[in-house]
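Colleague: One structure coming up, written as structure tokens, with questions to follow.
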Amino acid sequence: NYIFAIDANNGVAAYYLSGGVTPAPKVLAQPQNLRIIQGSTASLGVQIDQIATIEWYKGTNSPVDTGVSGGTYTISNAQLSSQGDYFVVASNVNGTVTSAVAHVTVELTNDNYTLTKIWGVAAGDTNYPYVTSNGGSATPNERSFAYNARSNQLLVVSCPFNTHNFKIAVVDAGSGNELYTMDMTNVIYEGASEVNGSNPLDLDAIDVADDGAVYACSLTPNASGGEFGDTSKMLHVYRWADTGSNTPATLIYEGDPSDQPAGINERWGDALTARGSGTNTELVLNSQDGNYGAILTPTDSTMTVFSNYWFFDSGGAGSIGRSLQFGSGNTIFEKRKGAPVFYSSFNTNSQTSTSLTNIASSTTLGGVFVVTNQNLAAGVDFVGSTTAPKKPDAVGLYDISIPTTPMLINDYNFPSNQVANGNFICKTIISGLKVYALDANNGLMAFYINPPVNAMQLHITPAGSNVNLSWGSTVAVLQSTPSLDPPAWTDVTAVGQTNSVQPASGGAQFYRLIVRR
């Protein structure tokens, strides 16, 4: 019952088609519950089907805002007093409508995780040759990286278009300094593709398995090899046994993981994730159009040939702001800019996948990494602006304890003002209590994760002739010492133990909580 009209240079209009009396306004999109950190700014929104006066109410009080253009109410410098139930009353000559109620919760910073910057490298900084700025807004040289927890190293892939200068830089994750580059001898130089004039990338996505083996793949717009079945245009996946400078690459897979025939344009290589070790290694990939996912596993202990097991993917289409991550068991997380985080299970026997839970997220967020046991997610937020005054992109840290209403804890800016990143290419990795983030053309950063301040409080309560100790942090370790002069701290608990601990009676004993990074 709607009519929409556009008149070039004169505007766009929408009308409701009805007979007799024009109906009262309708709510097309209701306000949604909101969680916000104290001191932050966030907005509630409503969509009404016709021009109307919009009044926002908090509880049963008088309107907190009237005549809001576009139906948006912004809460600035949120305080505990900002909590409550909000709703809208929209009215015009045709009548009045009241929206559903949205509940706003304000949380304290000290109750949430935060990040502390370790180091940051701006794109094009000559002191850090592994971040070479860009080859164009849509074709940055650095698109992916990986973290090796065994050696505390980052592996940064650089692949300039149409050159033979691709490399994997090995970087000290503690300082950001490049150490050396990996051996590229056996990596195929693919050149230009015949598919719509698009070029493959000789190297793109990369990850490290649990045993320290490195896996990287090319990016190809047509993994089946194009019209002529050209093998140089197929997807190529390589394995390095470790991150040594003289360790050679082995080509472990060549082809189209979805087993499509030549001439079917399936793009693969934007994302790859590894887990396991030895013959239990698994790699997961997905196609750009969102039709397919695939698990690659070794055929024997030589680790020189991997077989593919594909399935129909339910994670949605698109390559921008892309991320792919194993969950537990046969589950994966997938994220694309403008879409939620898709959490699904896969079955390679039936070649199917099933959507489990989606995590709502900002439409400006890409490259998300999820840590379920801490209810955390981090991703690159493309909030920057190329117009004056320029603003940098940022790393967004979110609490996802309520998947339908994730809460932005804070944004942490990249080193320089926004540089064009037309395809929103990025990647985020969380390992232990560290976060690493790459925003193509904008730089690479490293952070510590700080546990909530309130969770690090050590509570002491009487228990007969003894005392009970308790705390709320799952990343802290309780230590004790009989003396502070000098102290001899020893661990009482392990990471993850937050239940009460009852010390033995007799003698003085001192206690503290620590976090090992």
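The values are calculated or read from the model by the stated rules, or taken from the named source; none is laboratory data. As the structure is a computational prediction, the values presented were derived from the model and not from experiment. Note that each Cβ is placed from the backbone with ideal geometry, even for glycine, and that neighbours are counted across all protein chains shown. Just the protein is used for accessible areas: all its heavy atoms, side chains included, with ligands, DNA and RNA removed. Shrake-Rupley method; radii C 1.70, N 1.55, O 1.52, S 1.80 Å.
Colleague: Kindly check whether there is at least one residue in the stretch 485-497 that is among the acidic types (Asp, Glu) and outside any loop (DSSP other than H, G, I, E, B).
Modeller: yes
Colleague: Give just the number: which of (1) under 20 Å from Pro406 (Cβ atoms); (2) basic (Lys, Arg); (3) at pLDDT 95 or above does Lys337 not satisfy?
Modeller: Status for Lys337: all satisfied but (3).
Colleague: When residues of the stretch 194-218 are filtered for being touching a Gly at 6+ places or on another chain (Cβ under 8 Å), open to solvent by 40 Å² or more (accessible area, probe 1.4 Å) and modelled with pLDDT under 85, how many remain?
Modeller: Here the count works out to 1.
Colleague: Please work out if Leu444 is within 26 Å of Leu108 (Cα to Cα) and touching a residue at least 12 places away in the same chain (Cβ under 8 Å).
Modeller: For Leu444, the condition - within 26 Å of Leu108 (Cα to Cα) and touching a residue at least 12 places away in the same chain (Cβ under 8 Å) - is not met.
Colleague: State the number of residues belonging to the stretch 355-383 that are within 14 Å of Arg322 (Cβ to Cβ) and either among the acidic types (Asp, Glu) or touching a Ser or Thr at 6+ places or on another chain (Cβ under 9 Å) (or both).
Modeller: Adding up the residues that qualify gives 7.
Colleague: Of everything in the stretch 493-513 that's at pLDDT 90 or above and within 40 Å of the chain's Cα centre (by Cα), which residue is most open to solvent (accessible area, probe 1.4 Å)?
Modeller: Checked the stretch 493-513; the qualifying residue most open to solvent (accessible area, probe 1.4 Å) is Arg512.
Colleague: Tell me, yes or no, whether the stretch 285-300 has at least one residue that is loosely packed, with under 15 Cβ neighbours inside 10 Å and either of a type in the set (A, V, I, L, M, F, W, C) or under 14 Å from Tyr215 (Cα atoms) (or both).
Modeller: No.
Colleague: Is it true that some residue in the stretch 372-392 is farther than 18 Å from Ala339 by Cβ, among the β-branched types (Val, Ile, Thr) and open to solvent by less than 60 Å² (accessible area, probe 1.4 Å)?
Modeller: No, every residue in the stretch 372-392 fails to be farther than 18 Å from Ala339 by Cβ, among the β-branched types (Val, Ile, Thr) and open to solvent by less than 60 Å² (accessible area, probe 1.4 Å).
Colleague: What are the pairs, 6+ residues apart or on separate chains, where a residue within the stretch 168-187 that is closer than 15 Å to Thr243 by Cα and in a strand (DSSP E or B) has its Cβ under 8 Å from a residue that is of a type in the set (Gly, Ala, Ser) and open to solvent by 10 Å² or more (accessible area, probe 1.4 Å)?
Modeller: Val170/Ser245; Tyr180/Ser245; Thr181/Ser245
Colleague: Name the residue that is modelled with the lowest pLDDT, counting only residues in the stretch 393-405 that are hydroxyl-bearing (Ser, Thr, Tyr) and open to solvent by 40 Å² or more (accessible area, probe 1.4 Å).
Modeller: Going residue by residue through the stretch 393-405, those that are hydroxyl-bearing (Ser, Thr, Tyr) are 398, 401, 404-405.
Applying the additional criterion that residues be open to solvent by 40 Å² or more (accessible area, probe 1.4 Å) yields 401, 404.
Working: Ser401: 91, Thr404: 88.
Top of the filtered list is Thr404.
Colleague: Right, something else. Would you check if there is a residue in the stretch 252-274 being open to solvent by 10 Å² or more (accessible area, probe 1.4 Å), more than 21 Å from Thr220 (Cβ to Cβ) and at pLDDT 95 or above?
Modeller: No, every residue in the stretch 252-274 fails to be open to solvent by 10 Å² or more (accessible area, probe 1.4 Å), more than 21 Å from Thr220 (Cβ to Cβ) and at pLDDT 95 or above.
Colleague: If you scan the stretch 449-484, which residues turn out to be exposed (fewer than 13 other Cβ atoms within 10 Å of the Cβ) and not in a strand (DSSP E or B)?
Modeller: Correct list: Gly464, Ser465, Pro482, Ser483.
Colleague: Between a first residue in the stretch 86-105 that is of a type in the set (A, V, I, L, M, F, W, C) and a second residue that is part of a strand (DSSP E or B) and surrounded by fewer than 16 Cβ atoms within 10 Å (Cβ to Cβ), which pairs have beta carbons less than 6 Å apart while being 6 or more apart in sequence or on different chains?
Modeller: Val89/Thr98; Val101/Asp85
Colleague: Something else now. Given Ser344, Ser361, Ser353, which one is crowded, with 18+ Cβ neighbours inside 10 Å and in a loop (DSSP other than H, G, I, E, B)?
Modeller: The match here is Ser361.
Colleague: Then there is this: Looking only at the stretch 414-461, which residues are over 18 Å from Gly396 (Cα atoms) and among the small types (Gly, Ala, Ser)?
Modeller: Ala420, Gly422, Ala455
Colleague: Can you tell me which residues in the stretch 251-303 are out of contact with any Leu (no Cβ under 7 Å at 6 or more places or on another chain) and hydroxyl-bearing (Ser, Thr, Tyr)?
Modeller: Selection gives Ser258, Ser277, Thr279, Thr281, Ser287, Tyr292, Thr297, Thr299, Ser301, Thr302.
Colleague: Quick one: which strands (runs of 3 or more DSSP E) lie wholly within the stretch 26-128 and hold at least 1 residues that are over 30 Å from Gly472 (Cβ atoms) and open to solvent by 40 Å² or more (accessible area, probe 1.4 Å)? Write out each step before concluding.
Modeller: On the way: elements: 27-29, 34-37, 42-45, 53-58, 63-66, 72-75, 84-92, 95-98, 102-107, 114-121.
Counting at least 1 such residues, we get 27-29, 42-45, 53-58, 63-66, 72-75, 84-92, 95-98.
Colleague: Can you tell me which of (1) surrounded by 15 or more Cβ atoms within 10 Å (Cβ to Cβ); (2) in a loop (DSSP other than H, G, I, E, B); (3) modelled with pLDDT under 95 is the one Gly191 doesn't meet?
Modeller: Unmet condition: (1).
Colleague: Give the residues of the stretch 4-27 that are of a type in the set (Ser, Thr, Tyr) and within 18 Å of Ala90 (Cα to Cα), sorted by residue number.
Modeller: If the condition is that a residue be of a type in the set (Ser, Thr, Tyr) and within 18 Å of Ala90 (Cα to Cα), then Tyr15, Tyr16, Thr22 are the ones that fit.
Colleague: Can you tell me which of (1) modelled with pLDDT under 95; (2) over 24 Å from Pro200 (Cβ atoms); (3) not aliphatic (A, V, I, L, M) is the one Asn141 doesn't meet?
Modeller: (2)
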